[in-house]
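Peer 1: Let me give you the structure first, and then I'll get to my questions.
The values are calculated or read from the model by the stated rules, or taken from the named source; none is laboratory data. A quick note: this is a predicted structure, and the numbers were derived from the prediction, not measured. Neighbour counts run over all protein chains shown; Cβ positions are idealised from the backbone, glycine included. Heads up: the accessible areas ignore ligands, DNA and RNA and are worked out on the full protein's heavy atoms, side chains in. Shrake-Rupley method; radii C 1.70, N 1.55, O 1.52, S 1.80 Å.
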Amino acid sequence: VNGVLIDSVGVRLKGNSSYSHPNNKKSIRISFDEYKEDERWDGLKGVHLNNCWGDPTFIREKFHLDFCRDAGIAAPRGNYASVYINNQLWGFYSLVEHVDKPFLSSRYGNNDGNLFKAVDAFGSSIISDFRWYGSTPSLYYNRYELKTEESLTAWDDLVRTLDTLNNSTNTLTSLPTQVNLSNLYKAIAADNLFANLDSYIGGGRNFYFYYL
């Protein structure tokens, strides 16, 4: 990176619709700590390199993330990178940080809460829709992914929130005790403004929520 060698990192191709890019410029996920637990770049454990398939301007993602930063919405930082493979210029990419523990520490001042990610069941009818499917945590394993594994009560917390959202007789007073509605409204408004398809109001996949 910028002339500095970082060895033994994890690299894989990624994407759903972006993977249909008509040439070999696929989106890439890099995990600096895949083989060396303490490996970091600029404090980051990993980054996404997105090919911006569908946005020939390359501006939309960067503009969206900068807008979120300025509006006080917890979102990854975005930048750009020229990517070389075997010393050959492969392409110009959007560079986005991972949503992980360094991200949580930076945005929330702690990383010991429970981070969930909406599933990415692209091509199926399974989405993370916050609907009530029952009180058994395993009923939600295929709809949400627990990204942090320290807590034994994470799934119980999720079930409790879904119960409150769907079954409470007074959601107006009960839901704010579990959800920061002010932050939620701002995030949804930004997703709507930028037509963010990887969101709760878009495809119902690839968004995150965090229990502090």
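Peer 1: Mind listing whichever residues of segment 91-105 are open to solvent by 40 Å² or more (accessible area, probe 1.4 Å) and at pLDDT 95 or above?
Peer 2: Going through segment 91-105, the residues open to solvent by 40 Å² or more (accessible area, probe 1.4 Å) turn out to be 92, 101, 105.
Within segment 91-105, PHE92, SER105 qualify.
Peer 1: Residue by residue through segment 132-174, note down the ones that are aliphatic (A, V, I, L, M), surrounded by 15 or more Cβ atoms within 10 Å (Cβ to Cβ) and either touching a strand residue (DSSP E or B) at 6+ places or on another chain (Cβ under 8 Å) or under 19 Å from GLY113 (Cα atoms) (or both). Explain how you work it out, then say what you get.
Peer 2: Quick first cut of segment 132-174, residues aliphatic (A, V, I, L, M) only: 139, 146, 152, 154, 158-159, 162, 165, 172.
When the remaining residues are screened for being surrounded by 15 or more Cβ atoms within 10 Å (Cβ to Cβ), the result is 146, 154, 158-159, 162, 165.
Result: LEU146, ALA154, LEU158, VAL159, LEU162.
To keep it simple, each residue is scored yes or no on (1) among the hydrophobic types (A, V, I, L, M, F, W, C); (2) modelled with pLDDT under 95; (3) closer than 30 Å to SER17 by Cβ; (4) under 19 Å from the mean Cα position of the chain (by Cα).
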residue: VAL119; (1), (2), (3), (4): yes, yes, yes, yes
residue: TYR133; (1), (2), (3), (4): no, no, yes, no
residue: ARG143; (1), (2), (3), (4): no, yes, yes, yes
residue: SER151; (1), (2), (3), (4): no, yes, no, no
residue: LEU162; (1), (2), (3), (4): yes, no, yes, no
residue: LEU165; (1), (2), (3), (4): yes, no, yes, no
residue: ASN170; (1), (2), (3), (4): no, no, no, no
residue: SER182; (1), (2), (3), (4): no, no, no, no
residue: LEU197; (1), (2), (3), (4): yes, yes, yes, yes
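Peer 1: Does TYR19 satisfy the criteria of being modelled with pLDDT under 90 and either open to solvent by 70 Å² or more (accessible area, probe 1.4 Å) or part of a helix (DSSP H, G or I) (or both)? Write out each step before concluding.
Peer 2: Values: modelled with pLDDT under 90: yes; either open to solvent by 70 Å² or more (accessible area, probe 1.4 Å) or part of a helix (DSSP H, G or I) (or both): yes.
Yes; evaluated as a whole, the condition is true for this residue.
Peer 1: Sticking with this structure for a sec: Would you please list the contacts, defined by Cβ atoms under 8 Å and residues six or more apart or on different chains, that run from a residue in segment 132-144 that is closer than 12 Å to THR161 by Cβ to a residue that is open to solvent by 80 Å² or more (accessible area, probe 1.4 Å) and part of a loop (DSSP other than H, G, I, E, B)?
Peer 2: What qualifies is TYR140/TYR133.
Peer 1: Quick one: which residue in TYR144, TYR93 is in contact with a Leu (Cβ under 7 Å, 6 or more places away or on another chain) and within 25 Å of ASN2 (Cα to Cα)?
Peer 2: On inspection, the qualifying residue turns out to be TYR93.
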